[in-house]
Amino acid sequence: MTPSLSPAIARFPATEGDLPCRAQGCANHNGVLCHYVDRRGRRCDTAWCPNHWATVGGIVYCRRHAGTIAAIGYFDHPSGMPDVDNRAPSLVNWVGRDLDAFVAATLVQSATQGETFVREPVVSTHADRSGGRRYERCWKLVDHTGLRLVVAVFVVEGDETTIRVRVGSGVVAEGVPPWIERHRRGIEVTEETDRGQRALFYAFLQKHIVAAVRANRAVDQTLQQR
Ligand SMILES: [Zn+2]
Ligand SMILES: [Zn+2]
């Protein structure tokens, strides 16, 4: 197959395939290939049975690529879909979703008169200073003059396992989520340990978000009082 620059045509898959399922411990042989195609025309080569695939709009994907598509949408990407091995968009989507309620509450509570809270529901793509792409989800306080304060969670291409948090113009916290680190090192833990490690990771990010939002607001107030 020659790589094509035009967007891939979405194709509804046969209900069941004849490939072995990639899921660990699954013996099913009715797997279908993930339908993800990236900007270079490369396909994901994993196959999944109906118990283990994920679908978006009726199209079969592996769970990671379903996450990528849920994160950034399939259309309106003139530069094409992220590389097939790029975890960044789905990682930002997961972490953003888990932090959403907390960040929203923190910003709403810190809003002053005339400010409105705005949530960006999808992961957006930006050109990063480093030359690669940056995948980002953000929450904002705006008023009639424009942007007052932004909290963003992002991942930069080339360092796709590190979650970074920006409040205002500065990065205030960063780290590799424990489940990614474990996967990288091939460590397996119990569900309970997993929950505990996730909770610690999010508590860490939340602590730094709150502190940075407060610091930003304090500066705003001093400026207003002058
Ligand atoms: Zn399976
Ligand atoms: Zn896939």
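So here's what we get for this one:
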{"read-out": "For the chain: relative contact order, % (alpha-carbon pairs under 8 angstrom, 6 or more apart)", "value": "12 percent"}
{"read-out": "Gap separating the Cα centres of the stretch 140-217 and the stretch 40-70, nearest whole Å", "value": "26 Å"}
{"read-out": "Span-rule helices in the chain, defined as complete DSSP H runs reaching 27 Å or more along the axis (Cα) with Kyte mean at least 0.0", "value": "88-110"}
{"read-out": "Magnitude of the charge dipole, the stretch 88-225, Cβ model with Lys/Arg +1 and Asp/Glu -1, debye to 20", "value": "240 debye"}
{"read-out": "Per the chain, cysteines lacking a partner by the 4.7 Å Cβ criterion", "value": "Cys138"}
{"read-out": "Dipole moment magnitude, nearest 20 debye, the stretch 55-146 about Cα centre, only Lys, Arg, Asp, Glu C-beta charged", "value": "240 debye"}
{"read-out": "Globularity index of the chain, i.e. its alpha-carbon radius of gyration over 2.2 N^0.38 Å", "value": "1.17"}
{"read-out": "The stretch 14-84 - charge dipole about Cα centre, Lys and Arg +1 at Cβ, Asp and Glu -1, debye rounded to 20", "value": "180 debye"}
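Each reported figure results from applying straightforward, stated rules to the coordinates on display, with no laboratory input. Bear in mind that the values here come from a model prediction, so they are computed numbers and not experimental data. Neighbour counts run over all protein chains shown; Cβ positions are idealised from the backbone, glycine included.
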